[in-house]
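Taking it in order: structure first as structure tokens, then the write-up.
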Amino acid sequence: MKRLLAVVATLLLLAYPVLVFLSVNQGGGMILAALLFLVLAARAILAPAGSRLLPLAGCALVVLYGVTRQDQVLMWYPVLVNLVMLVTFALTLKRGPSMIERFARLRHPNLPEAARPYLERVTQVWCGFFVINGSLALATVVMGNLQWWAIYNGLISYVLMGTLMAGEWLVRPKHEAV
């Protein structure tokens, strides 16, 4: 049941920009807010203690929306996601091992030491991505155009993220240490 709830929550959060766009245009912002609060609260409850920041911050945004009834409040979530991801990845560069090394070790627990510089570099690239993507997400919030916000945050940013993942996957074989 926990796994099913996690999958449903992930799918709903991936669809967040589309759901916001549709609900705001249909006047259903409060219904969406209630649904999002339940999904985010469930994510916070199910997440390990160190992974609760983002869903709890999302809950705070939803509560703020409920108080202000300003549709633009709902548009801040992608900015928040990029900020939290940037901080999370950047902290691993300082404290080690890098976030990408942690991911790599899930599949290859005995990674050679020689792989570390490459994995740190990939983590740095992701940090750069979160800065750029978060800045563009912020620009769409400031513009205040819900349609452009939904197109960027619900489509373009996912394409950019997928392109970065695919690019790294294509470059990785050239680094025999990984």
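Quick look at the values:
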read-out: Crossing angle, helix 116-143 versus the chain [Cα axis fit, 0-90 degrees, rounded to tens]; value: 20
read-out: Gyration tensor verdict on the stretch 1-157 (Cα atoms; rounded if a/c is under 1.5, prolate if a/b is larger than b/c, oblate otherwise); value: prolate
read-out: Vicinal HN-Hα couplings computed from phi for the stretch 38-48 (Karplus, 6.51 cos²θ - 1.76 cosθ + 1.60; Hz; Gly/Pro x); value: 5, 5, 5, 5, 4, 4, 5, 5, 7, 6, x
read-out: Length-normalised contact order of the chain in % [C-alpha pairs under 8 Å, at least 6 apart]; value: 22
read-out: Whole-Hz ³J(HN,Hα) from phi, Karplus 6.51 cos²θ - 1.76 cosθ + 1.60, for the stretch 21-29, glycine and proline x; value: 4, 5, 5, 5, 5, 9, x, x, x
read-out: Accessible area of the chain belonging to carbon and sulfur atoms, whole % at 1.4 Å probe; value: 70
read-out: Distance between modelled label sites at ILE45 and LYS2, nm, 7 Å Cα→Cβ extension; value: 1.3
read-out: Selected from SER157, MET85, ALA47, residue furthest toward positive end of dipole (the stretch 43-178; charges at beta carbon); value: ALA47
read-out: Accessible area (Å², per residue) of the chain, counting only protein heavy atoms and a probe of 1.4 Å; value: 60
read-out: Sparsely packed trypsin sites (Lys or Arg not before Pro) within the stretch 1-43, loop by DSSP, other Cβ within 10 Å at most 12; value: none
read-out: The chain: angle of helix 157-171 to the longest principal axis, Cα-based, in degrees nearest 10; value: 10
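The values are calculated or read from the model by the stated rules, or taken from the named source; none is laboratory data. Note that the structure is predicted; figures quoted are calculated from it, not measured. When we count neighbours, we look across all protein chains shown, and the Cβ atoms used for this are built from the backbone with ideal geometry, even at glycine. Note: areas computed on protein heavy atoms with side chains; ligands, DNA, RNA excluded. Shrake-Rupley method; radii C 1.70, N 1.55, O 1.52, S 1.80 Å.
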